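Student: This is the structure I want to talk about, given as structure tokens.
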Amino acid sequence: MSRLKPYLFIAPALLVIALIFFYPVAEVFRTSLLRVSGRTSSFVGLGNYRSLFADQVFLAAIRHNARLLLAVPALLAVSLVLGILLFEGGAGFRFYRTVVFLPYIISIPVVGIVFGYIFQLNGILNQLLRAAGLGALAADWLGSSRFALWTIMGVVIWKEFGFGVVLFLARLMSVDEELYEAARIEGAGWLQVLVRITIPQLATVIEFFVVIMIITMLSWVFNYVYVMTSGGPGTSTMVTEYYIYLMAFRYNLQGPAAAASIVLLAVTVILILFRANISRRIELE
Amino acid sequence: MRSSGALGRRLPSAIAKQLVLALFAVICLFPVYYLFVTAFKSQGEYLRNLFGLPLNPVLENFATVFRGRRFLRWFANSVILMSGSVLASLMIAILAAYAFARMRFRGRDGLLGFILVLMIVPPVVMVIPLFKIMVALRILNTYPSVIVIYAGLTLPFSIYMLSSFFRTIPEAIIDSARIDGCRDLRLIRSIAVPLSAPALITVVLVNALWVWNELLIAVIFLQRDELKTLMVGLTIFKSRYNLDIPVTMAGLALATVPMLALYFAGQKHFIRGLVAGAVK
């Protein structure tokens, strides 16, 4: 009995996790190998994957997710600079930390709608540009296929960078004071301290942040697209998650939708393994 | 940062620092400011005064939002789903986390590691089979179906936070309780849980925020209008009042205030929860 007890304690959790994660993943894999029409389905092997990679819309979605990855270096740079600035002290540390983390708390639907108004043709951004004599730069930021994806990227950066700042700040505050003390005694300059102490101490957290942000750009941008552009204009902001959603729930094409899910999952799993490797190294340190 | 650095050299860099920080503070705050001031403007004033403070603040927009009771319904739905799933996730996770932290059994560490990895799996991958399950069980468009999904999706994080906290409870306390004849369930109720208040608050806040802001599951699983959540309602609201921006903003403001209140009340716990796992 007592040997079974631990399993009784974890049983409810395992049951729910099996229902919400394990069974659906297995089932979606099975569906990805089937052609489903009405109540009947037939095995088509890799047929769905072949037609997926022949679908221009899916290829566009993948290209757009890849392009969103460009936000990662920008996010890293901004969070790093602000994290270090805040760590180095100065007035208003708590205020800035609270403010910078604020966008991370506000829901994406709210953020998306507010930015939708800001980026409207007659919205604040364009009015400011016109007032500054830069009317030539005014554009339909979310309504033109040239700018829409870049605009979404900007909103994602706005929302996510506070996470990086708080992350880096938390790590820096746990660095041994003596390291900085020693550097000061040795007479190290600001740049030397930055390159020799601050950045190396942050290395593993930087890796963590980069991996999490890559995963975000590839598989957690549905909400932004759903609220701001619905994938449009045309397919200019179509992303993998939105493609899966449309295929499954608008066009009822379960096979291809399931195949796209498996592709997305595979990419995420590869990144997770990479991330697990990082945390193992953190633990060894 | 040389201690001998002349004041004349440090001052400009301090000013430059403050300027950069102030610039980013403005960038972060502006959309939030715009949201709240617009909610208090009449349509006419908004067109004349796009982002200044409201000169004639009005409450009309909020009255419009509440008209027809749809908004209140959505708000109540979000509260119900949030409370139900946060509570369910917490109860199930406390049991599991206690076992992972305080009991020895085969496959423990491997299983825990595997559960933690699930934190990052995008929900869209599971949505198609989950939809089929709910249809087969005839519970599509019901609260319980979505509560179970949310509880499941937040379980890995809850288990992770609680098990790492339970592990820090001193062995001596647990042992002495055991000698006094405490069984595991009582141990959890009268020792582990009361000692873990900070971790419990973190789990509740982070999960509440996540559920409140969730969109994909809510769009797919709650399609009947009287069951829609606030986040889904807002997107409908926006298209309905597309031209009356202040009314939409009033709705957005009302949807944001609860989470802002939680954030300001429990900032420390939020931050601890959201950076957990990265910083040791």
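The values are calculated or read from the model by the stated rules, or taken from the named source; none is laboratory data. Fair warning: this is a prediction, and the values are worked out from it, not measured in the lab. When we count neighbours, we look across all protein chains shown, and the Cβ atoms used for this are built from the backbone with ideal geometry, even at glycine.
Student: All but one of (1) surrounded by fewer than 19 Cβ atoms within 10 Å (Cβ to Cβ); (2) outside any loop (DSSP other than H, G, I, E, B) hold for B:VAL58; state the number of the condition that does not hold.
Tutor: The number of the failed condition is (2).
Student: May I ask you to verify whether B:VAL20 is touching a helix residue (DSSP H, G or I) at 6+ places or on another chain (Cβ under 7 Å), surrounded by fewer than 14 Cβ atoms within 10 Å (Cβ to Cβ) and assigned to a helix (DSSP H, G or I)?
Tutor: yes
Student: Would a scan of region A:119-137 turn up a residue that is under 30 Å from B:ARG48 (Cβ atoms) and either in contact with a strand residue (DSSP E or B) (Cβ under 8 Å, 6 or more places away or on another chain) or charged (D, E, K, R) (or both)?
Tutor: Yes, that holds for at least one residue.
Student: Another question, if that's okay. When you check A:ALA26 against the structure, is it surrounded by 15 or more Cβ atoms within 10 Å (Cβ to Cβ) and of a type outside the set (Asp, Glu), yes or no?
Tutor: Judged against the criteria, A:ALA26 is not a match.
Student: Please specify each residue of region A:112-133 satisfying the condition of being more than 7 Å from chain B (Cβ to nearest Cβ) and part of a helix (DSSP H, G or I). Write out each step before concluding.
Tutor: Quick first cut of region A:112-133, residues more than 7 Å from chain B (Cβ to nearest Cβ) only: A:112, A:116, A:119-123, A:125-126, A:128-133.
The answer is A:GLY112, A:GLY116, A:LEU125, A:ASN126, A:LEU128, A:LEU129, A:ARG130, A:ALA131.
Student: Filtering region B:73-119 down to residues that are within 28 Å of A:VAL211 (Cβ to Cβ) and of a type in the set (D, E, K, R), which residue is farthest from the other protein chains (Cβ to nearest Cβ)?
Tutor: Looking at the filtered set, the residue picked out is B:ASP109.
Student: Here's a follow-up. Can you find a residue that is facing chain A (nearest Cβ under 8 Å), in a loop (DSSP other than H, G, I, E, B) and in contact (Cβ under 8 Å) with a residue 12 or more places away in the chain anywhere in region B:251-267?
Tutor: No, region B:251-267 contains no residue that is facing chain A (nearest Cβ under 8 Å), in a loop (DSSP other than H, G, I, E, B) and in contact (Cβ under 8 Å) with a residue 12 or more places away in the chain.
Student: Let me ask something else about it. Go through B:SER196, B:SER190, B:SER163 for me and flag whichever is surrounded by fewer than 21 Cβ atoms within 10 Å (Cβ to Cβ) and of a type in the set (Gly, Ala, Ser).
Tutor: Numbers: B:SER196 fails: surrounded by fewer than 21 Cβ atoms within 10 Å (Cβ to Cβ); B:SER163 fails: surrounded by fewer than 21 Cβ atoms within 10 Å (Cβ to Cβ).
The match here is B:SER190.
Per-residue answers, yes or no, for (1) facing chain B (nearest Cβ under 8 Å); (2) touching a residue at least 24 places away in the same chain (Cβ under 8 Å); (3) on the phi > 0 side of the Ramachandran plot:
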{"position": "A:ALA18", "(1), (2), (3)": "no, no, no"}
{"position": "A:VAL28", "(1), (2), (3)": "yes, yes, no"}
{"position": "A:ASN48", "(1), (2), (3)": "no, yes, no"}
{"position": "A:LEU85", "(1), (2), (3)": "yes, no, no"}
{"position": "A:GLU88", "(1), (2), (3)": "yes, no, no"}
{"position": "A:ARG94", "(1), (2), (3)": "no, no, no"}
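Student: Sort through B:ILE188, B:ILE149, B:ILE174 and tell me the only one that's part of a helix (DSSP H, G or I) and modelled with pLDDT of 95 or more.
Tutor: Unique residue meeting the criteria: B:ILE149.
Student: Determine whether A:ALA71 is crowded, with 17+ Cβ neighbours inside 10 Å, at pLDDT 95 or above, in contact with an Asp or Glu (Cβ under 9 Å, 6 or more places away or on another chain) and over 30 Å from A:THR198 (Cβ atoms).
Tutor: no
Student: Shifting gears a bit: Out of the residues in region B:228-250 that are assigned to a helix (DSSP H, G or I) and among the polar types (S, T, N, Q), which is modelled with the lowest pLDDT?
Tutor: Here is the first cut: in region B:228-250, the ones assigned to a helix (DSSP H, G or I) are B:230-240, B:245-250.
Now narrow it down to the ones that are among the polar types (S, T, N, Q): B:235, B:239, B:248.
Working: B:THR235: 91, B:SER239: 83, B:THR248: 93.
Across region B:228-250, the extreme among qualifying residues is B:SER239.
Student: So, in region B:120-146, of the ones that are within 21 Å of the chain's Cα centre (by Cα) and more than 9 Å from chain A (Cβ to nearest Cβ), which residue ends up surrounded by the most Cβ atoms within 10 Å (Cβ to Cβ)?
Tutor: B:VAL146
Student: Can you name every residue in region B:208-227 that is within 14 Å of another protein chain (Cβ to nearest Cβ) and in a helix (DSSP H, G or I)?
Tutor: Within region B:208-227, B:ALA208, B:LEU209, B:TRP210, B:VAL211, B:TRP212, B:ASN213, B:LEU216, B:ILE217, B:ALA218, B:VAL219, B:ILE220, B:PHE221 qualify.
Student: With respect to B:VAL117, is the statement that it is assigned to a helix (DSSP H, G or I) and at pLDDT 90 or above true?
Tutor: So B:VAL117 does not fit the description; no.
Student: Continuing with the same structure: Would you point out which residue out of A:LEU142, A:LEU169 is crowded, with 22+ Cβ neighbours inside 10 Å and part of a loop (DSSP other than H, G, I, E, B)?
Tutor: So the residue among A:LEU142, A:LEU169 that is crowded, with 22+ Cβ neighbours inside 10 Å and part of a loop (DSSP other than H, G, I, E, B) is A:LEU142.
Student: Kindly provide the set of residues from region A:96-109 that are farther than 30 Å from B:LYS238 by Cα, free of Cβ contacts under 8 Å to residues at least 60 places away in the same chain and either more than 7 Å from chain B (Cβ to nearest Cβ) or in contact with a Cys (Cβ under 7 Å, 6 or more places away or on another chain) (or both), ordered by number.
Tutor: Correct list: empty.
Student: State yes or no: is A:PHE208 within 23 Å of B:LEU118 (Cβ to Cβ), more than 9 Å from every other protein chain (Cβ to nearest Cβ) and either assigned to a loop (DSSP other than H, G, I, E, B) or modelled with pLDDT under 90 (or both)?
Tutor: Criteria not met by A:PHE208.
Student: Moving on to the next point. Among A:ILE105, A:ILE113, which is the only one that is β-branched (Val, Ile, Thr), touching a Lys or Arg at 6+ places or on another chain (Cβ under 6 Å) and at pLDDT 90 or above?
Tutor: Answer to the check: A:ILE113.
Student: Residues of region B:238-275 being surrounded by 21 or more Cβ atoms within 10 Å (Cβ to Cβ) and of a type in the set (S, T, N, Q), which ones?
Tutor: B:THR248, B:THR256
Student: Considering A:VAL28, A:VAL57, which residue is part of a helix (DSSP H, G or I) and closer than 30 Å to B:VAL86 by Cα?
Tutor: Only one candidate passes the filter, namely A:VAL28.
Student: From the list A:TYR226, A:TYR251, A:TYR180, which one is farther than 20 Å from A:LEU85 by Cα and facing another protein chain (nearest Cβ under 10 Å)?
Tutor: Exactly one of A:TYR226, A:TYR251, A:TYR180 is farther than 20 Å from A:LEU85 by Cα and facing another protein chain (nearest Cβ under 10 Å), namely A:TYR226.
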